[in-house]
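For reference, the structure discussed in these notes is given below.
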Amino acid sequence: MNHNDQPSHTPLETSERFAPKTGRRDFLGLAAIWSAVIAFVGVLLGSIRLPIPAVFPESEAKVKIGPPDAFAKGTATHLSHINVWVIHDEQGMYAMSSICTHLGCIAHRDAESGEFLCPCHGSKFKSDGKVFAGPAPSGLHWLALAFAPDGQIVIDQRTNVKAGTRLKV
Ligand code: FES
């Protein structure tokens, strides 16, 4: 074989082997990039939304329970949707949580004695919420009552008040 008989070489840049890949690989590459972009945008939107609470604890804690007329003097009304007793006596109205301070069962009120009894482990509370029997470590919580601008009574479930605090109605 002489010098001129050597097979001719195709330059690399025109070789099919080194030609830029198109088709399936491009599609997969683009799909990966777009997936990353979509994931990034999702995370970004999520983190922007994060400081905005979905539920406003302040407004959740305050519950309108109706006008004072709805609670006649001498009555005790259990509002089971918020686990609160609303009591109207000679001195005014007050609200007491019916959630037992032991493990959170709902205390029932004995209509005759006015005492509260926990069905779970036998804690007993006097009519003013003080514990006098059972494992409960403390009395039932008294909750803040106030008037809303529209004249309805509002219970603030997050604000405990001193036992004996009443709303004058
Ligand atoms: Fe009330 Fe245990 S939960 S006594």
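Please treat every number below as a calculation from the coordinates, not as lab data. Model, not experiment: these values are computed from the prediction. For neighbour counting, all protein chains shown are included, and Cβ atoms are generated from backbone atoms with ideal geometry for every residue, glycine included.
Values computed for the structure shown
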{"read-out": "Inter-label distance for Thr165 and His108, nm, one decimal - labels placed 7 Å from Cα along Cα-to-Cβ", "value": "3.1"}
{"read-out": "For Gln157, distant residues with modelled amide H under 5 Å away", "value": "Lys62, Val63"}
{"read-out": "Residues with amide H under 5 Å from that of Cys100, placed H, sequence gap 5 or more", "value": "Cys105, Ile106, Ala107"}
{"read-out": "Rg ratio (alpha-carbon, reference 2.2 N^0.38 Å) - region 56-98", "value": "1.21"}
{"read-out": "Three-way shape label, region 30-169, alpha-carbon gyration tensor, a/c 1.5", "value": "prolate"}
{"read-out": "Under 5 Å, built H, 5+ apart or other chain: amide partners of Gly139", "value": "Val131"}
{"read-out": "Volume per residue of the C-alpha convex hull in region 89-153, rounded to whole Å³", "value": "98"}
{"read-out": "3J(HN,Hα) from dihedral phi, region 156-167, Karplus parametrisation 6.51/-1.76/1.60, rounded to Hz, x for glycine, proline", "value": "9, 6, 9, 10, 7, 10, 5, 3, x, 6, 10, 9"}
{"read-out": "Local electrostatic count at Ala107 - Lys and Arg +1, Asp and Glu -1, tallied over other residues with Cβ under 14 Å", "value": "+1"}
{"read-out": "Relative packing of 69-76, 92-99, which averages over residues the other C-beta atoms within 10 Å, highest first", "value": "92-99, 69-76"}
{"read-out": "Whole-Hz couplings from phi, Karplus 6.51/-1.76/1.60, listed for region 33-45; x for Gly and Pro", "value": "5, 5, 4, 5, 5, 5, 5, 5, 4, x, 5, 4, 4"}
{"read-out": "Contour minus Cα-Cα distance for Ile38 and Ala133 (0.36 nm per residue)", "value": "28.2 nm"}
{"read-out": "Packing-based order for 24-36, 156-168, 77-89, using average beta carbon neighbours within 10 Å, highest first", "value": "77-89, 156-168, 24-36"}
